[in-house]
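Below you'll find the structure, written out as structure tokens, and then a few comments.
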Amino acid sequence: MRIRSSRVSIGWVVLFGGAMSWQIACSGNPPPVEPEEVPAPAPSQDFGAPPPTPPEPPAPLPAPLELSPDGEFSTLTLEELNRDSPLEPVFFSLDNAELDTRAQLAAEAAAEVLRSYPTWMVTIEGHCDERGTPEYNLGLGERRAMAAREYLVQLGLDPSRLRTVSYGKEFPFDPGSDDAALAANRRAHFVITSK
């Protein structure tokens with residue numbers, strides 16, 4: 001009987017414990033939960049240090065070059081102007097005389113300078129790389145110079161200020177024969193001939 005009474009006691013404990021769990025679950029009140037301890041922030045080791053400084057803002061972009069007839073280029077000789085020319089050349093792809101987007105941007109920048117100095121006269125030189133016959137390169141150089149001139153006229157420049165000449169492959173920018181040198185020699189080059 002002892003064994004039986006301990007089974008009955010265990011049964012009552014299990015039954016009673018299950019009933020209590022059911023009652024707690026159905027009551028809508030969850031069992032109490034102990035709050036978690038939030039650790040306090042570590043004290044600063046250097047109480048006298050100033051707060052960190054924010055990063056400096058980036059430096060402003062330089063103002064665009066403002067050109068005027070009385071500006072820095074007006075005092076230079078023709079030789080000085082052409083040595084450090086404000087007119088960047090227009091470059092062309094192989095065996096081509098059409099202005100791509102990059103070439104148009106260079107021509108537009110040249111037109112802006114020429115508008116600021118309305119008395120300047122310019123010769124547009126057509127150049128080629130070393131490949132091809134002299135006759136072919138003279139013709140291609142002429143087409144390149146004319147393409148640059150026509151684009152400048154479309155941009156509003158007076159055609160009487162612009163003359164053209166072709167030198168073919170006779171006056172390379174770069175005497176080398178690698179791809180970079182050949183590309184540098186395919187150009188329409190602006191030379192200021194009169195102020």
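Of note:
- Among the residues making up the stretch 74-94, those that are within 29 Å of the chain's Cα centre (by Cα) and assigned to a loop (DSSP other than H, G, I, E, B) are D84, S85, P86, L87, E88, P89, F92, S93, L94.
- Being within 30 Å of the chain's Cα centre (by Cα), in contact (Cβ under 8 Å) with a residue 24 or more places away in the chain, assigned to a helix (DSSP H, G or I) and on the phi < 0 side of the Ramachandran plot holds for only one residue in E112, E142, and it is E112.
Every residue, every condition in (1) surrounded by 21 or more Cβ atoms within 10 Å (Cβ to Cβ); (2) among the aromatic types (F, W, Y); (3) out of contact with any Gly (no Cβ under 8 Å at 6 or more places or on another chain); (4) under 17 Å from D95 (Cα atoms), yes or no:
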{"position": "P134", "(1), (2), (3), (4)": "no, no, no, yes"}
{"position": "N137", "(1), (2), (3), (4)": "yes, no, no, yes"}
{"position": "V153", "(1), (2), (3), (4)": "no, no, yes, no"}
{"position": "L157", "(1), (2), (3), (4)": "no, no, yes, no"}
{"position": "S166", "(1), (2), (3), (4)": "yes, no, no, yes"}
{"position": "E170", "(1), (2), (3), (4)": "no, no, yes, yes"}
{"position": "A183", "(1), (2), (3), (4)": "no, no, yes, yes"}
{"position": "F190", "(1), (2), (3), (4)": "yes, yes, yes, no"}
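- Among residues of the stretch 176-195 being in a loop (DSSP other than H, G, I, E, B) and closer than 20 Å to S85 by Cβ, the one that is modelled with the highest pLDDT is R186.
- Every pair of residues 6+ apart whose Cβ atoms lie under 8 Å, when the first sits in the stretch 163-183 and is on the phi > 0 side of the Ramachandran plot while the second is surrounded by 13 or more Cβ atoms within 10 Å (Cβ to Cβ) and in a loop (DSSP other than H, G, I, E, B): G168/C128
- Condition check for E98: within 30 Å of E72 (Cβ to Cβ) and either touching a residue at least 60 places away in the same chain (Cβ under 8 Å) or surrounded by fewer than 17 Cβ atoms within 10 Å (Cβ to Cβ) (or both): no
- All conditions but one from (1) of a type in the set (D, E); (2) within 19 Å of A106 (Cα to Cα); (3) touching a Leu at 6+ places or on another chain (Cβ under 6 Å) apply to E150; the one that does not is (3).
The values are calculated or read from the model by the stated rules, or taken from the named source; none is laboratory data. These numbers were taken from a predicted model, which means no experiment stands behind them. Backbone-built Cβ (ideal geometry, glycine too); neighbour counts: all protein chains shown.
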